[in-house]
Amino acid sequence: MSEINLPVVGILCDLEQVGPHPFHMSGNKYIQAVIQAANCVPILIPAIAGQTNFQQLLTLVDGVLLPGGYSMVDPLNYQAAAAPHETKLDIARDQTSFGLIKQAIECGVPILGICRGFQEMNVAFGGSLHQKLHEHEIYQEHRENKALSLADQYADCHKVTLTPSGQLSKIMDAQAINVNSLHTQGVDKLAGNLSVEAVSEDGLCEAFSVLNAKAFAMAVQWHPEWQVMDNNKSAKLFAAFGRACKVKQSAK
């Protein structure tokens, strides 16, 4: 029999066009990671921005997951030049995530950002992004090779060094870990209220936490949700998030 009264995690959706109709969608790998590794009940949060009462929404959940996605954060949100016309954007998700992030932090609701979610959190607090890391010679190739199988795309491909005595280092019980890499954008300027938790070999920020947050508030650039139960470090991250959600649930 399934355990009852588990914490509830809201997963932010992408707004995707399927045929003639828009759909609010989230990847199954994120949903399964919340169920299996965080031991929480997932629900989906539609990307409807101005039609959402974030304060009311956050009374219904015990945590928020900002997943990765195939779209890029619109650079106009951090006062950069407009994205090239071929760039896939998701304005509805941008607008929803920024309000959701700020309200979650203010209300002490645990939040975990992954890849696009990591980038959203940085921009929400005033940071900026490189639109195309591969155009900057100082950075190694962080994009996936789409000609490879999914298993190879999501395989660990570089090391990140964890901040000594940082929150992530304590969760992982490690000084460095190997991670996958499937992103085009990356942190340019880190927002002032974020603290670096991990850095890649080329100096790129790969994880951060929110300073003085009332609850778990962290984001990573890689994809720990991928086959999470087969990766001890990834499972530890989701378990820590789940424990924080349980604390929030108990405080209600």
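The values are calculated or read from the model by the stated rules, or taken from the named source; none is laboratory data. These figures come from a predicted structure and were not determined experimentally. Because the Cβ atoms are built from the backbone with ideal geometry, glycine has one as well, and the counts that use them run over all protein chains shown. Quick note on the areas: whole protein, heavy atoms, side chains included, nothing else; ligands and nucleic acids left out. Shrake-Rupley method; radii C 1.70, N 1.55, O 1.52, S 1.80 Å.
Could you grab me the full set of residues in the stretch 188-217 that are open to solvent by less than 50 Å² (accessible area, probe 1.4 Å), in contact with a helix residue (DSSP H, G or I) (Cβ under 8 Å, 6 or more places away or on another chain) and assigned to a loop (DSSP other than H, G, I, E, B)?
Hits for the stretch 188-217 are Leu190, Ala191, Leu204, Ala213, Ala215, Phe216.
What number of residues within the stretch 50-76 are farther than 20 Å from Cys115 by Cβ, of a type in the set (A, V, I, L, M, F, W, C) and open to solvent by less than 20 Å² (accessible area, probe 1.4 Å)?
2
Which residue pairs have Cβ atoms under 7 Å apart, sit 6 or more places apart or on different chains, and have a first residue in the stretch 198-212 that is at pLDDT 95 or above and a second that is surrounded by fewer than 23 Cβ atoms within 10 Å (Cβ to Cβ) and among the small types (Gly, Ala, Ser)?
Hits for this filter: Glu206/Ser200; Phe208/Ser195; Ser209/Ser195; Leu211/Ser195.
Working only within the stretch 121-143, note down all residues that are part of a loop (DSSP other than H, G, I, E, B), hydrophobic (A, V, I, L, M, F, W, C) and within 27 Å of Ala217 (Cβ to Cβ).
Correct list: Phe125 only.
List, please: which pairs have Cβ atoms under 6 Å, are six or more places apart or on different chains, and start with a residue in the stretch 218-247 that is in a helix (DSSP H, G or I) and end with one that is modelled with pLDDT of 95 or more and of a type in the set (Ser, Thr, Tyr)?
So the pair list comes out as Val228/Ser234.
Please determine, by comparing only the residues of the stretch 234-252 that are hydrophobic (A, V, I, L, M, F, W, C) and open to solvent by 60 Å² or more (accessible area, probe 1.4 Å), which one is modelled with the highest pLDDT.
The residue in question is Val247.
Can you go through Glu135, Glu144 and tell me which one is modelled with pLDDT under 85, surrounded by 19 or more Cβ atoms within 10 Å (Cβ to Cβ) and among the charged types (D, E, K, R)?
Numbers: Glu135 fails: surrounded by 19 or more Cβ atoms within 10 Å (Cβ to Cβ).
After applying the criteria, what remains is Glu144.
Which members of the stretch 13-34 meet the condition of being open to solvent by less than 30 Å² (accessible area, probe 1.4 Å), in contact with a helix residue (DSSP H, G or I) (Cβ under 6 Å, 6 or more places away or on another chain) and farther than 18 Å from Gln227 by Cα?
Asp14
Looking at the stretch 82-107 only, could you name the residues that are surrounded by fewer than 14 Cβ atoms within 10 Å (Cβ to Cβ) and touching a residue at least 40 places away in the same chain (Cβ under 8 Å)?
Within the stretch 82-107, none qualify.
Got at least one residue in the stretch 7-30 being under 13 Å from Lys246 (Cβ atoms), more than 15 Å from the chain's Cα centre (by Cα) and not in a strand (DSSP E or B)?
yes
Restricting attention to the stretch 70-94, which residues are within 20 Å of Tyr30 (Cβ to Cβ) and out of contact with any strand residue (DSSP E or B) (no Cβ under 8 Å at 6 or more places or on another chain)?
Matches in the stretch 70-94: Asp94 only.
For the stretch 144-184, give me the residue count where each residue is outside any loop (DSSP other than H, G, I, E, B) and within 20 Å of the chain's Cα centre (by Cα).
Summing the residues that are outside any loop (DSSP other than H, G, I, E, B) and within 20 Å of the chain's Cα centre (by Cα) in the stretch 144-184 gives 17.
Restricting to the stretch 35-49, and then to whatever is free of Cβ contacts under 8 Å to residues at least 60 places away in the same chain, outside any strand (DSSP E or B) and in contact with a helix residue (DSSP H, G or I) (Cβ under 6 Å, 6 or more places away or on another chain), can you tell me which residue is surrounded by the fewest Cβ atoms within 10 Å (Cβ to Cβ)? Before you say what the answer is, go through the steps one by one.
Step one: of the stretch 35-49, the residues free of Cβ contacts under 8 Å to residues at least 60 places away in the same chain are 35, 41-49.
Filter once more, keeping what is outside any strand (DSSP E or B): 35, 46-49.
Applying the additional criterion that residues be in contact with a helix residue (DSSP H, G or I) (Cβ under 6 Å, 6 or more places away or on another chain) yields 47, 49.
Values: Ala47: 25, Ala49: 18.
Here the residue is Ala49.
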